[in-house]
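All remarks here apply to the structure that follows.
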Amino acid sequence: MEIVLRGIGVSPGIGIGPVFLFDIDSIEVPHYPITEVTAELHRFHAAVETVRKDLKRLHKQTAHVLGEGHADIFTAHLMLLDDVAMHEEIETRLNKERLNVEFLLNDLILRYAKVMKTIEDPRFRERTNDFLDVGNRILVKLLNFERPSLEHIVPPSVVVAHDLSPSDTANIDVHNALGIATDVGGPTSHTAILARALEIPAVVGLRYIGAHVKSGDILIIDGAKGYAIIRPEPATLAEYAAEKERTDQRRSALLQIEDIRGSITLDGHEVPLLANIELPVEITSCLRVKARGVGLYRTEYLFLNQNALPTEEEQFQAYAQAAVALKPLPVTLRTLDLGGDKFASSLQLSPELNPQLGWRAIRFCLERPDIFKAQLRAILRASVHGNIQILFPLVSGIEELRRIKQVLEEVREDLTYRNVPFRKDIRVGSMIEVPSAVVVADMLARECDFFSIGTNDLIQYSLAVDRVNEKIAHLYEPAHPAIVRMVRDTIRAAKAAGISCSLCGEMAGDPLFTELLIGLGIDSLSMSSVAIPAVHAEIANTNLTAAKRLANRVLGATTIAEVRQILEERFKKKGAMERYLSRISPQQAN
Ligand code: PEP
Ligand code: MG
């Protein structure tokens, strides 16, 4: 029987294939008496040394793919390998109880796992989790158990897991991972970021998928819509296979077009498409899809999964690298948006009851001028290497914007005083992602150079729907009439003040909304690189006059269902992608 589960689509694309069930909980651990304590201890030490080699290799690979900062997780794991308490307990119990070492180690792991369930503080949970990861690695070596690794996925399959640890995901077999489906996680989880960067379709937050599938079951993943279809009926399978083929063909055809001069509507109106990036490694895909710059660099990712905060110099290197690679195109560096669901373990912040409404983003930065100013200095110093602009997250009103600009001014004065070069004309923008900012957008627009609408948070805060809670994911609705009006009002305020207005939430990468956003007057769109070709095609088949008519019709709709119906009908009728592809030459399309 076909089962359809809805989760959170975090990396677009369709994946179809057998299930690769990634589950290391089902290892059978034997229990037997031993006589040779020294030999048993030797076995334990040998297993630890083999794990050490594996972790060093993982560290090297991750540093290569994601950068040094992200590889630090393995430095932490390497330290845990020498955990004195673990070694002492194993040795003492071996001498006393004379039982096989894998049983004793497993006993220790189970105790930690039990304790972990009771820990509320996410920082300590994270550390205990790291310990479990390391402990399990030693255990599978002792058991000569081929640890299910994602390094070699044969045959090509869709990976299903309750969750994926950083060490598992960092090492995934990119060519054979057809998709990823997990029970837990949100769009900003490590799995999600990696999947997007590696262009593997992924759906997270499916809650029960691990319990519903067996290895080898056929599974469809729709990473754009957030569906997982288990054991699909032949008709569903045929439908998705055809859709996948169409999507793949479109993608490769679109990527081969050499002369994308920009995304221009049929009547000559340009809507530049820029890329959202989290990590330096994504600059390559951003250039491959011919993005017109980076519209959102989520710089906080340089701070996550690290043992220490990156220094001003490290930040400067990362920002300058992006600026140089994209020059003369713009790189929009959004200052730290930590807090909420993004958490830097090195900062040791205490847990909050409502983190999404808590000490997050600019609120945090304004109270930690040491961290904020170091980042601003790094950004300003990097500004001479290309076309950098600064974007501030979670601005809620004018006082906040003024305080931010005051801090920026202090940093500028300091650099000027020290004769450090920076671009004096750097553009300063405000994210519009808090409902109060929409209401006072006219005031904000007079005091900054551009807006970027963050619909991910704007939807969360306006509809009161936590964006990372899978239980209420169905209530998270970009087609809500309130959201459409807020986007309209923000664009209007920007236009009245003569500044530009971009949109960088996930809505920007969904072709269903492209014509509406153009009709509402958006100046540019920023999205993950994988989404760019499809939105480009949509724009190339849109007419500005028709888009304005569509926007008026949508603004007249009163329900979510009506908004969706208007957009979906229009989308089907236009068949934008097909018409676009029929216009490019067969040679280009091959
Ligand atoms: C947003 O809120 O829409 C946004 C783009 O920022 P983030 O997803 O990083 O919060
Ligand atoms: Mg946001």
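Residues that are assigned to a helix (DSSP H, G or I), surrounded by fewer than 14 Cβ atoms within 10 Å (Cβ to Cβ) and either away from ligand 2 (no atom under 16 Å from the Cβ) or free of Cβ contacts under 8 Å to residues at least 12 places away in the same chain (or both) do occur in the stretch 389-402, at least one of them. Checked against the criterion of being modelled with pLDDT of 75 or more, touching a helix residue (DSSP H, G or I) at 6+ places or on another chain (Cβ under 8 Å) and part of a loop (DSSP other than H, G, I, E, B), the candidates Arg196, Arg137, Arg147, Arg207 yield just one match: Arg207. Residues in the stretch 480-490 that are crowded, with 24+ Cβ neighbours inside 10 Å and either within 17 Å of Arg549 (Cα to Cα) or among the acidic types (Asp, Glu) (or both): Val487 only.
Residues that are of a type in the set (D, E, K, R) and crowded, with 16+ Cβ neighbours inside 10 Å were ranked within the stretch 424-446; the one that is nearest to ligand 2 (Cβ to nearest atom) is Glu433.
Screening the candidates Arg123, Arg52 for the property of being at pLDDT 90 or above and part of a helix (DSSP H, G or I) yields one hit, Arg52. Search the stretch 461-485 for residues being under 20 Å from Gly521 (Cβ atoms) and assigned to a loop (DSSP other than H, G, I, E, B), and hand back the single one that is nearest to ligand 1 (Cβ to nearest atom). Ranking the candidates gives Pro478 first.
A quick yes/no check of all residues on (1) under 19 Å from Ser529 (Cβ atoms); (2) modelled with pLDDT under 95; (3) polar (S, T, N, Q):
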{"residue": "Gly216", "(1), (2), (3)": "no, yes, no"}
{"residue": "Tyr227", "(1), (2), (3)": "no, yes, no"}
{"residue": "Ala253", "(1), (2), (3)": "yes, yes, no"}
{"residue": "Gln256", "(1), (2), (3)": "yes, yes, yes"}
{"residue": "Leu279", "(1), (2), (3)": "yes, yes, no"}
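All told, Ala464 meets the bar of being within 16 Å of ligand 2 (Cβ to nearest atom) and surrounded by fewer than 17 Cβ atoms within 10 Å (Cβ to Cβ).
State which residue is surrounded by the most Cβ atoms within 10 Å (Cβ to Cβ) when the search covers only the stretch 491-508 and only residues that are more than 14 Å from ligand 2 (Cβ to nearest atom) and assigned to a helix (DSSP H, G or I). That would be Ala494. Leu458 meets the stated requirement of being under 22 Å from Pro12 (Cα atoms) and either assigned to a helix (DSSP H, G or I) or away from ligand 1 (no atom under 15 Å from the Cβ) (or both). Remark: pairs (first residue in the stretch 108-137, acidic (Asp, Glu); second residue modelled with pLDDT under 75; Cβ separation under 8 Å; 6+ apart in sequence or on different chains) = Glu126/Ser345; Asp133/Ser165; Asp133/Ser167. Within the stretch 526-550, the only residue that satisfies the criterion of being surrounded by 22 or more Cβ atoms within 10 Å (Cβ to Cβ), assigned to a helix (DSSP H, G or I) and at pLDDT 95 or above is Ala547.
Pairing residues of the stretch 550-570 that are hydroxyl-bearing (Ser, Thr, Tyr) with residues that are buried (at least 17 other Cβ atoms within 10 Å of the Cβ), at Cβ distances under 8 Å and at least 6 apart in sequence or on separate chains, gives Thr558/Pro481; Thr559/Pro481. May I ask you to list the residues in the stretch 345-362 that are away from ligand 1 (no atom under 14 Å from the Cβ) and either in a helix (DSSP H, G or I) or under 29 Å from Leu525 (Cβ atoms) (or both)? Correct list: Ser345, Ser346, Leu347.
All conditions but one from (1) within 27 Å of Gly293 (Cα to Cα); (2) touching a strand residue (DSSP E or B) at 6+ places or on another chain (Cβ under 9 Å); (3) more than 16 Å from ligand 1 (Cβ to nearest atom) apply to Gln375; the one that does not is (3). When restricted to residues that are β-branched (Val, Ile, Thr) and closer than 22 Å to Arg492 by Cα, the stretch 546-559 contains 2.
When the criteria are applied in full, Val294 meets the requirement of being closer than 19 Å to Asn387 by Cα, out of contact with any His (no Cβ under 9 Å at 6 or more places or on another chain) and crowded, with 20+ Cβ neighbours inside 10 Å.
Residues in the stretch 430-448 that are under 27 Å from the mean Cα position of the chain (by Cα) and not small (Gly, Ala, Ser) were compared, and the one that is nearest to ligand 1 (Cβ to nearest atom) is Glu433. It is to be established whether one or more residues within the stretch 308-326 are within 16 Å of ligand 1 (Cβ to nearest atom), in contact (Cβ under 8 Å) with a residue 12 or more places away in the chain and surrounded by 19 or more Cβ atoms within 10 Å (Cβ to Cβ). Looking through the stretch 308-326, none of the residues is within 16 Å of ligand 1 (Cβ to nearest atom), in contact (Cβ under 8 Å) with a residue 12 or more places away in the chain and surrounded by 19 or more Cβ atoms within 10 Å (Cβ to Cβ). Residues that are β-branched (Val, Ile, Thr) and either in a helix (DSSP H, G or I) or more than 13 Å from the chain's Cα centre (by Cα) (or both) within the stretch 268-315 comprise Val271, Val281, Ile283, Thr284, Val289, Val294, Thr299, Thr311, listed in sequence order.
Can you give me the number of residues within the stretch 83-94 that are surrounded by 11 or more Cβ atoms within 10 Å (Cβ to Cβ) and either at pLDDT 95 or above or assigned to a helix (DSSP H, G or I) (or both)? Selection size over the stretch 83-94: 8.
All conditions but one from (1) more than 19 Å from Leu555 (Cα to Cα); (2) within 14 Å of ligand 2 (Cβ to nearest atom); (3) surrounded by fewer than 24 Cβ atoms within 10 Å (Cβ to Cβ) apply to Asp449; the one that does not is (2).
Inspect all residues belonging to the stretch 509-526 and state whether any of them is closer than 20 Å to Phe450 by Cα, within 16 Å of ligand 2 (Cβ to nearest atom) and in contact with a Cys (Cβ under 9 Å, 6 or more places away or on another chain). The answer is yes; a qualifying residue exists. Arg381: among the charged types (D, E, K, R) and surrounded by 15 or more Cβ atoms within 10 Å (Cβ to Cβ), yes or no? It is true that Arg381 is among the charged types (D, E, K, R) and surrounded by 15 or more Cβ atoms within 10 Å (Cβ to Cβ). Scanning the stretch 467-477 for residues that are within 14 Å of ligand 2 (Cβ to nearest atom) and not basic (Lys, Arg) yields Val468, Tyr476.
The values are calculated or read from the model by the stated rules, or taken from the named source; none is laboratory data. Note that the coordinates shown come from a computational prediction; the quantities given were computed from them, not determined experimentally. A quick note on method: Cβ atoms are made from the backbone with ideal geometry, for glycine too, and the neighbour counts reach across all protein chains shown.
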